[in-house]
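S.K.: To start, I am sharing the structure in question, which I have written as structure tokens.
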Amino acid sequence: MTRIQGPFLMLAFLIVGLLLALLISRRLVRYATTISPLEASRRVAVSEAAQARLRFSFVQLLALLVGTYKVGAWIWSFSLSGMVSLSEDAGEIWISLVAVIRMLDRSLDFVGIPFFVYGVVTLIASRRSWVSALLSTVTLFIGGKLRSLSLKHMSLKPHRISGFLLIVALMASVSLYPSIGAKSFEDKALRGAIVQIGSELHVTINPHDLVGAEQLEHGLGGQIQALRSALKDRLANLSKGEIVAVDYIFEALLPGFFFPGYGLSGVPLYLIDEPERYLKTAYFEERLGVSGKFSGIIQGLKGENVAASPPVAEFWNLGSGEPVLLGADMQKKPVLVQSGGVIGFLPGMPPRSISDRQSYVAARIDYLNYLSSTDAYLTATMDNPRIADLKVLIPRILLLVRTKENADPAAVVKTVTEALKARPLEVRELKRELKKVGGDMFIFLALENMRIYLVGGVLLALIAILAIALTNYLEDRRTLGLLRVRGASPALLFRFFASSLLSPALLGLVVGILVAGVAGFGLTNVIWDLRELKSVVHLLPTRLVISGLTVWISLGLLAVIIAIAMISSLWLFRRTARETMEEG
């Protein structure tokens, strides 16, 4: 929301909560007035089992279908609203219908996860045959000598076991999906920063610090030969120390290549020395390739091809193998090179964006997106003979420096610049860029909101599990007292009561984790789609990341259930078996 909400919204939530409470209370009162005194005195009434039985009816099916559609739409990036379009001659009825569809589809984003969680969990919990088969397997390891008795005891009240499984699965998914979504969201943001830098250190130097001006007056091949020889000679004396590898990219400006916004000058041509070495040195992901895998497109540059950015390929309508006019050579003859593919981003190239905050205040998001959508560049290898005589200028050299894990960036930069005898024009550190990711307001607010949901979900899960477990204990006190009369030890009582709690709890926890993983993964995609400012992050696929926090929350919920079972079994021995049975 873009504005502070008034008290009327809080009042509306309060009214909705009261209405739901009254509706549930009315149903309970109606049930209490319909049962007979004999039924009320039984331990498990037939009417109770019928009333409390979980049903997977039309409402649950509708919730499952709607939730599955929204989560699937988030994961695979499709929507019903995107399938309908407005033409210039569209009528008023069609325009109104499209507006309603888009509004409805957008509204479902707010209920997609709750509907999906409720539908999946209710489907599983309502299938008693599935639950019984799974419970018998789990009880085999927990019940011990009383396994058969525990299974028979649970079969007498399947509605309670299914209800407990439902609550645990719902609460586990509610408490876990924010942690999964937050970690997956953060992982994608960090990977975007890593791909932009390309290595731990990104150093830009001036070619004039390596060779004289007269050596840069030749064609592209002559300039490359002079600069590459100087780089290899000086890097040969580089003290490795904390440096793992160094690779370089030459940036050449094409004076005769036309693109809107650049005119006939300014479109960069990035030259890679050896594609295999570049792929080993630079951080990249295969999805950076638009027309194919990124590594395949880069390796294909050895076949005297060039790769283009999406705006260039779209403007010139370039397909694989089609000729690209790069400009003129030293004899003013046209230089044509075949297109070898389209890449969305070349790791290690300098970003074309506004970097200072004051400019961000003055610039509109649509202008920043315009810069991203018109980021024109071409990529080739230095040994491509077709461009050897191309008349261009190389204004800067980009160094990709891979270092050891705990290397000092300042010391590494000093070592590299001393070996090259060149003053760096710009230095970009990966650690510094990763810190900037946390300062991004969109990323910061998204993560903070997920943490709020995480805290609320964990508290809700603990309260719900504790309430249901204590209710089951109160209902089973008479049975546990009878087992004490039969001479059951505290250990056997614990295993008996724990099997009725842990068996559905473990199943519910597994179901909740699976549902939370799907929901958290889809939530990450939809949150990134909400960001108006487009960047290289939108080219990267979302990865499902299970953090240590997710594991600890799962273990914590399981520990709470085990603790309840242990305390309940020991609490029975606080009084005699007769007193316990009289209380039950």
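Any read-out appearing in this document is the output of simple, stated calculations on the displayed coordinates, not a laboratory observation. Everything numeric here is computed off the predicted structure, so don't read it as measured data. Cβ placement follows ideal geometry from the backbone for every residue including glycine, while neighbour counts extend to all protein chains displayed.
S.K.: Based on the Cβ-Cβ distance of residue 129 and residue 316, what FRET efficiency does E = 1/(1 + (r/R0)^6) give at R0 = 41 Å, to the nearest 0.05? Spell out each step's value before the answer.
M.R.: Working: r = 62 Å, r/R0 = 1.52.
Once the sixth-power term is evaluated, E becomes 0.10.
S.K.: Take 276, 214, 200, 251 and order them by how many other Cβ atoms sit within 10 Å, fewest up front. Intermediate results must be reported in sequence, preceding the final value.
M.R.: Values: 276 12, 214 8, 200 23, 251 19.
Lowest to highest Cβ neighbour count: 214, 276, 251, 200.
S.K.: Report the FRET efficiency, 1/(1 + (r/R0)^6), for residue 11 and residue 455, where r is their Cβ-Cβ distance and R0 is 30 Å, rounded to 0.05.
M.R.: Numbers: r = 25 Å, r/R0 = 0.82.
Efficiency computed from Cβ-Cβ geometry: 0.75.
S.K.: When the chain is fully extended, how far beyond the present Cα-Cα distance does residue 414 get from residue 23, taking 0.36 nm per residue of separation? Each step should come with its number before you reach the end.
M.R.: On the way: separation 391, 0.36 × 391 = 140.76 nm, distance 7.22 nm.
Between residue 414 and residue 23, full extension yields 133.5 nm more.
S.K.: Summing Lys, Arg as +1 and Asp, Glu as -1, what charge do residues with Cβ under 13 Å from the Cβ of residue 70 carry, residue 70 excluded? Walk me through the numbers before you get to the answer.
M.R.: On the way: positive: 106; negative: 105, 109, 529.
Result for the local shell: -2.
S.K.: Moving on to the next point. Cut-off is 10 Å between beta-carbons; in what order do 408, 187, 89 appear when sorted fewest neighbours first?
M.R.: Numbers: 408 13, 187 17, 89 6.
Least crowded to most crowded, the residues run 89, 408, 187.
S.K.: For residue 97 paired with residue 567, estimate the spin-label separation in nm (one decimal), with each label point 7 Å from Cα along the Cα-to-Cβ line.
M.R.: In this crude spin-label approximation the distance works out to 5.9 nm.
S.K.: Here's a follow-up. Most exposed first by the Cβ proxy, i.e. fewest other Cβ within 10 Å, how do 142, 15, 75 rank? Intermediate values should be presented prior to the final figure.
M.R.: Values: 142 21, 15 10, 75 16.
The order, fewest Cβ neighbours first, is 15, 75, 142.
S.K.: Please give the FRET efficiency for residue 78 paired with residue 299, using the beta carbon to beta carbon distance and R0 = 25 Å, rounded to the nearest 0.05. Present the calculation step by step, with values, prior to reporting the outcome.
M.R.: Numbers: r = 32 Å, r/R0 = 1.28.
Efficiency computed from Cβ-Cβ geometry: 0.20.
S.K.: If you put +1 on each Lys and Arg Cβ and -1 on each Asp and Glu Cβ, how big is the dipole of segment 176-310 around its Cα centre, in Debye rounded to 20? Present the calculation step by step, with values, prior to reporting the outcome.
M.R.: Numbers: 12 positive and 16 negative charges, 79 e Å.
The dipole of segment 176-310 has a size of about 380 debye.
S.K.: What residues qualify as long-range amide H neighbours of residue 289, i.e. H under 5 Å apart, gap of 5 or more or another chain, H built at 1.01 Å from N?
M.R.: 294, 344
S.K.: Could you work out the relative contact order of segment 207-422, using alpha carbon pairs under 8 angstrom and six or more residues apart, expressed as a whole percent? Let's see the in-between values first.
M.R.: Working: 382 pairs, mean separation 74.9, N = 216.
Across segment 207-422, relative contact order equals 35 percent.
S.K.: I need the Debye-formula profile for segment 207-422: one equal scatterer per C-alpha, no solvent, reported as log10 I(q)/I(0) at q = 0.09, 0.10 1/Å, two decimals.
M.R.: -0.38, -0.47
S.K.: Which ³J(HN,Hα) values, rounded to whole Hz and listed in residue order, are derived for segment 121-128 from phi using the Karplus coefficients 6.51, -1.76 and 1.60 in 6.51 cos²θ - 1.76 cosθ + 1.60 with θ = phi - 60°, glycine and proline given as x?
M.R.: Couplings: 5, 5, 4, 6, 5, 7, 8, 5 Hz.
S.K.: Here's a follow-up. Along the Cα→Cβ direction, 7 angstrom out, place labels at residue 218 and residue 547. What is the inter-label distance in nm?
M.R.: The modelled label-to-label distance comes out at 5.5 nm.
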